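In what follows, a single structure is set out as structure tokens and then discussed.
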Amino acid sequence: MKNTKCILFYFVLFLGLNSCIEFFHPDLGEISPKYVVDGVITDHEGLQTVKVSTTSKLDITKYEPLPFCKVKIMDDLGNAFDLDETLHGTYQKLIGKEYLVPGRSYKIEVVTPSGIQITSDFDQMPEGIEFDTIYYVKKDYPTSNPDKTLQGIQFYVDVDRGTHNCQYFRWDIEETWEHHAVYPLTWYLETIDGKDILKYKFPPDWSKFFCWTTKIVKNIYTLSLENFIGTKYTMKPLHIVDNQSQRLTFGYSILVNQYSISKPTYEYWEKHRVNSDTQGGLYSTQPITVKGNVKSTSNPDLEILGFFSAVSVSSKRFFVQNVEGLEKYEPTCPPPGKPYPYKFIYFMQGEGGLIGLYESCVECYFIEGTTAKPKFWPY
């Protein structure tokens, strides 16, 4: 009787706890999508790109490109360049070096398929400077465990303006790293006529073992030297890479683009940087409203998001391997166990016979990456 009462008590408690959980779905009404126009023209001869899209619904975050627009880049001398749609919502044009002149101002004009006319303010292209220096410093970072530190490297750049009057800068980073599987392919299942046939590969197949992954670093890096006295600014902090993945185990590289930008462009990206750095905390500051330099001329009350800028760019690639004093992350294979009804397709020889291996143990690209080695990879 006592056990029956205990069971009944916990059953009622379980129902009570579950009945307290109610999901809140605010009724925001029908929200019309907004147009987003983002583009940049650089001082480097090549394809200049503008992207046109619309915002997605609040509960579905995805990129919504807008095709079939008419997009044009114009300068303050009256030169105009009609862009071609190379992908849905992506518009590009090859513009010659003679038209990409620092000191000249540029803007875009967009006409959507529905006839909405959008234009940007003119943005003046600053005079650019050469990329000075990029380097890293190994650092140990404290964790919640006082007996354990997190190891990593912090990248820095120096900026040398020389005799140029460049005041505002932005950097973006593309990272690439080599990563490996744990085992080459030896024992595996192959399905033939509906039947699984166990096969043995000798010598072992290493074609799935070596991978490379390339990603864009999402952080925003800006710098204003408006009130800086001197020509050389040192140790501007950029990207941090820790040793909690294979990024620093076999080989790592970053491609850094340094943009000389106008003051309006700097202010736009600086507000985005502040917003991204202060999100997430209970007592964090309210996000700054970020207004771009694009607007609708056919419907002035229509809010248009995005920014068009004219920049001078200088790039540098940097490689990292065998950081002194850094404890390397070694890839491991999770114990296979026997999860039902999981079907293993790879195996290895163990003491008691064949042991099942998860795909990630053999296929280095199972989670991310490709087996195609980048052309620039030196190792």
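Values quoted throughout were computed directly from the atomic coordinates according to the rules given, and no laboratory measurement underlies them. Treat the numbers as computed from the prediction; the structure is a model and nothing was measured. So basically every Cβ, Gly included, is an ideal-geometry build from the backbone, and we count neighbours across all protein chains shown.
Values as computed for the structure displayed
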| read-out | value |
| --- | --- |
| Taking the chain and dividing mean pair separation by its residue count, relative contact order in percent (alpha carbons under 8 Å, at least six apart) | 19 |
| In nm, spacing of pseudo-spin labels at T163 and D193 (7 Å Cα→C-beta vector) | 8.3 |
| Scattering profile of the chain at q = 0.11 Å⁻¹ [log10 I(q)/I(0), Debye over alpha-carbon scatterers] | -1.04 |
| Pairwise label distance in nanometres, E109 with E327, each label 7 Å out on the Cα-Cβ vector | 6.3 |
| Volume in Å³ per residue [convex hull over Cα atoms, computed for the stretch 160-287] | 226 |
| Residues of type aspartates and glutamates that K93 reaches as a straight line, Cα spacing below 20 Å, ignoring anything fewer than 8 places off in the same chain | D38, D43, E45, D75, D76, D82, D84, E85, E109, D121, D123 |
| Neighbourhood net charge (10 Å Cβ-Cβ; Lys/Arg +1, Asp/Glu -1) for M125 | -3 |
| Fraction of beta bridges assigned by DSSP in the chain that are antiparallel (%, nearest 5) | 90 |
| Set K138/K232; K62/K295; K139/K375; K34/K295; K70/K218; K62/K218 screened for pairs whose C-alpha atoms are more than 21 Å apart | K138/K232; K62/K295; K139/K375; K70/K218 |
| Equivalent-ellipsoid semi-axes of the stretch 293-379, from the Cα gyration tensor, Å, largest first | 48, 25, 12 |
| Relative packing of 70-81, 33-44, which averages over residues the other C-beta atoms within 10 Å, highest first | 33-44, 70-81 |
| Extreme residue, positive dipole direction of the chain, given options V274, Y346, Y135 (C-beta unit charges) | Y346 |
| Cα-based Rg / Dmax (Å) for the stretch 35-124 | 13.7, 46 |
| Relative contact order %, the stretch 35-124, counting alpha carbon pairs below 8 Å whose residues are six or more apart | 28 |
| Two-site label geometry, E226 and T143: point separation in nm, points 7 Å out along Cα→Cβ | 4.2 |
| On Cα atoms only, tilt of 263-278 relative to the major axis of the chain in degrees | 20 |
